[in-house]
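Read the structure below first, then the notes.
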Amino acid sequence: MTLAELVAELDAYFRLPDVRGDDWSVAFEQVYPEPYWRDYVEPGWEGRWNGLAVRGAEEVERVVTCVFPSDRIVAALEPGTFLFSEHPLDFADEPGFLPLSRESFARMREDGIGFYNVHAPLDMHPEFSPSRLCALGVGLENLVEYFPICEGIPGGAAIIGESRLTVDGLADALRSYLGPEILVHVLTRSRGEAGRVAMVAGGGAQVEILEASLERGCDTYVTGNAATNCRLDFVQEQVRAFRKRADEAGVTLLDAMHYGMEKPPQLAMLAWFRTRGLRAEFVPDGPK
């Protein structure tokens with residue numbers, strides 16, 4: 001399959017031409033004191049922040065999916081690989097967001113490794129949204145989608161639904177669905193039954209999303225960074241405010257790791273790539 005054909009199909013599937021407002025400029029300014037990444041990314045990627053970031057070989061035979069791109073992953077890729085990720089940065093829990101090194105960009109260029117990321121359009125995708133997949137994976141019913149995180153496309157990044165499980169049963173269901181390497185913690189408990197569960201995959205420990213969930217009757221809130229070791233001050237401040245509001249509202253909190261809750265779409269995308277005749281594998285690079 002040609003690179004142009006693959007990129008065109010991905011762009012259409014995730015409606016990239018319509019996406020507006022998925023802004024990564026602040027994060028990039030923070031983690032790249034020297035903006036060497038501009039020497040390697042495709043024209044137009046900056047500002048769009050989604051799609052083909054680094055052009056690889058013009059013929060694609062193999063694809064690797066990952067949750068967070070990292071120097072470790074890039075170093076292990078075979079020449080000519082097409083790397084697919086939700087994020088353009090490594091969201092290491094400690095110390096915090098990490099850039100790709102200049103050496104990684106140079107290696108991608110030299111060895112024909114393409115890099116494609118899709119963030120908000122994946123978080124809001126009607127089929128492969130991580131929140132939706134996690135909600136389905138633990139058996140939530142009567143799902144409602146809400147809280148868009150970009151403009152131009154429909155949908156939302158959060159899912160709320162009804163659970164027939166206890167809080168401990170919900171935690172066990174998450175462990176079973178996400179895999180044994182993913183740590184699932186019940187951080188606070190306001191009741192025995194899970195009730196109406198908001199599933200907010202990734203870094204969803206935000207007061208604004210919690211308020212939107214409370215408006216929809218949330219009893220239990222599941223996200224990936226309510227317990228975090230990230231050293232970035234703005235992340236810690238955000239999480240503290242979120243935890244305070246959740247305590248005030250009497251909401252049960254579960255944490256299933258940013259990496260853990262955003263792994264399901266990267267596994268689900270394997271079939272999408274394979275139906276196009278491509279070899280595809282998921283590369284785990286999560287908790288150690």
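The values are calculated or read from the model by the stated rules, or taken from the named source; none is laboratory data. Here the structure is a predicted model, which is why all the values come from computation and not from measurement. Here the Cβ is made from the backbone with ideal geometry for all residues, glycine too, and neighbour counts use every protein chain on show.
So here's what we get for this one:
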{"item": "Test: residue in segment 178-185 that is in the same structural domain as V138 (by TED's automatic domain parsing) and in contact with a Ser or Thr (Cβ under 9 Å, 6 or more places away or on another chain)", "result": "no"}
{"item": "Positions within segment 229-268 being over 25 Å from A171 (Cα atoms) and of a type outside the set (D, E, K, R), in sequence order", "result": "L232, F234"}
{"item": "Segment 226-255: number of residues that are in contact (Cβ under 8 Å) with a residue 12 or more places away in the chain and either surrounded by 13 or more Cβ atoms within 10 Å (Cβ to Cβ) or among the acidic types (D, E) (or both)", "result": "20"}
{"item": "Residues being within 16 Å of the chain's Cα centre (by Cα) and either part of a loop (DSSP other than H, G, I, E, B) or basic (K, R) (or both) - total across segment 135-179", "result": "7"}
{"item": "The one condition in (1) among the acidic types (D, E); (2) in contact with a strand residue (DSSP E or B) (Cβ under 9 Å, 6 or more places away or on another chain); (3) closer than 30 Å to R48 by Cα that E193 fails to fulfil", "result": "(3)"}
{"item": "Search result, residues across segment 14-30 that are loosely packed, with under 15 Cβ neighbours inside 10 Å, not in a loop (DSSP other than H, G, I, E, B) and not small (G, A, S)", "result": "P17, D18, R20, V26, E29, Q30"}
{"item": "Neighbours by Cβ (under 6 Å, 6+ apart or cross-chain): first from segment 199-225, closer than 28 Å to D90 by Cβ; second at pLDDT below 95 and in a strand (DSSP E or B)", "result": "none"}
{"item": "Subset tally (residues that are in a loop (DSSP other than H, G, I, E, B) and surrounded by 15 or more Cβ atoms within 10 Å (Cβ to Cβ)) for segment 190-201", "result": "4"}
